[in-house]
1. Output the qualifying pairs, or none if there are none: Cβ atoms under 6 angstrom, residues six or more apart or on different chains, first residue in region 82-103 and over 25 Å from LEU53 (Cα atoms), second residue open to solvent by 70 Å² or more (accessible area, probe 1.4 Å) and outside any helix (DSSP H, G or I).
2. Checking ILE84 against (1) farther than 29 Å from ALA147 by Cβ; (2) under 15 Å from the mean Cα position of the chain (by Cα); (3) aliphatic (A, V, I, L, M); (4) surrounded by fewer than 19 Cβ atoms within 10 Å (Cβ to Cβ): exactly one of these is not met. Which one?
3. I want to confirm something. Restricting to region 142-162 and keeping residues that are of a type outside the set (Phe, Trp, Tyr) and touching a residue at least 12 places away in the same chain (Cβ under 8 Å), which single residue is least open to solvent (accessible area, probe 1.4 Å)?
4. Take the residues of region 103-130 that are more than 12 Å from the chain's Cα centre (by Cα) and open to solvent by less than 50 Å² (accessible area, probe 1.4 Å): which is farthest from GLU62 (Cα to Cα)?
5. Of the residues SER14, SER41, only one is touching a helix residue (DSSP H, G or I) at 6+ places or on another chain (Cβ under 8 Å) and surrounded by fewer than 21 Cβ atoms within 10 Å (Cβ to Cβ); which?
6. Can you work out which of the residues in region 19-50 that are within 10 Å of the ligand (Cβ to nearest atom) and either acidic (Asp, Glu) or in a helix (DSSP H, G or I) (or both) is nearest to ALA127 (Cα to Cα)?
7. For region 74-93, check the following and say yes or no: at least one residue is modelled with pLDDT under 95, within 11 Å of the ligand (Cβ to nearest atom) and touching a Gly at 6+ places or on another chain (Cβ under 9 Å).
8. Give region 83-99 a look and list any residue that's farther than 9 Å from ILE65 by Cα, hydrophobic (A, V, I, L, M, F, W, C) and in contact with a strand residue (DSSP E or B) (Cβ under 6 Å, 6 or more places away or on another chain), or say none.
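The values are calculated or read from the model by the stated rules, or taken from the named source; none is laboratory data. As the structure is a computational prediction, the values presented were derived from the model and not from experiment. Every residue, glycine among them, receives a Cβ derived from its backbone with ideal geometry; neighbour counts consider all protein chains shown. Surface accessibility is based on the protein's heavy atoms, side chains included, excluding ligands, DNA and RNA. Shrake-Rupley method; radii C 1.70, N 1.55, O 1.52, S 1.80 Å.
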Amino acid sequence: MAGDAPRVGIIMGSKNDWAVMQAAEKTLEDLQIPSDARVISAHRTPERLTRFLAEAEQGSIEVIIAGAGAAAHLAGVTAAHTLIPVLGVPLSGSDLQGLDALLATVQMPGGIPVATFAIGKAGAKNAALFAAAILARSDPAVQERLAKFREAQTAAVPERPY
Ligand code: RP5
């Protein structure tokens, strides 16, 4: 899939977020959805964010997953700059272990929506699955792969715990 035009942008506030946000990339890769991962901080690299969004608007990106920790403004600021759907993943980047990022990401005032997921890896994975579900509405191949993923997940659950 290398070289394919990315359909999902994965952005994160710090290189230190990658260990967790990789779960989003891996999930998309399993569903054969090309993505592009970038380190972009709303606070430290604001111009990089506007540049990325200008490119995304012109290019092939259909959904953006934004992961950030601490005073997590990345998803909200991203959503403010684009009409591309933004999926926010709060990360554990401070002593508050993600609760700060969860509240900052989920408590968007009315008018600029950010779909907010669980803190950490589960959130990154679910954001990727949600991105796939959005793409699947107009892409039967993705729909089929997503359905197969669900089937395999169900089949992997044992009837009994022993
Ligand atoms: C946020 O601050 C980043 O998303 C990261 O989770 C947190 C801490 O960043 P570093 O100081 O580890 O680069 O902007």
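1. Close Cβ pairs (under 6 Å, with a partner that is open to solvent by 70 Å² or more (accessible area, probe 1.4 Å) and outside any helix (DSSP H, G or I)) amount to GLY98/SER92.
2. Answer for ILE84: the failing condition is (1).
3. VAL142
4. Checking each candidate, the answer is ALA104.
5. SER41 is the lone residue from the list that is touching a helix residue (DSSP H, G or I) at 6+ places or on another chain (Cβ under 8 Å) and surrounded by fewer than 21 Cβ atoms within 10 Å (Cβ to Cβ).
6. MET21
7. Yes, some residue in region 74-93 is modelled with pLDDT under 95, within 11 Å of the ligand (Cβ to nearest atom) and touching a Gly at 6+ places or on another chain (Cβ under 9 Å).
8. Within region 83-99, ILE84, LEU91 meet the criteria.
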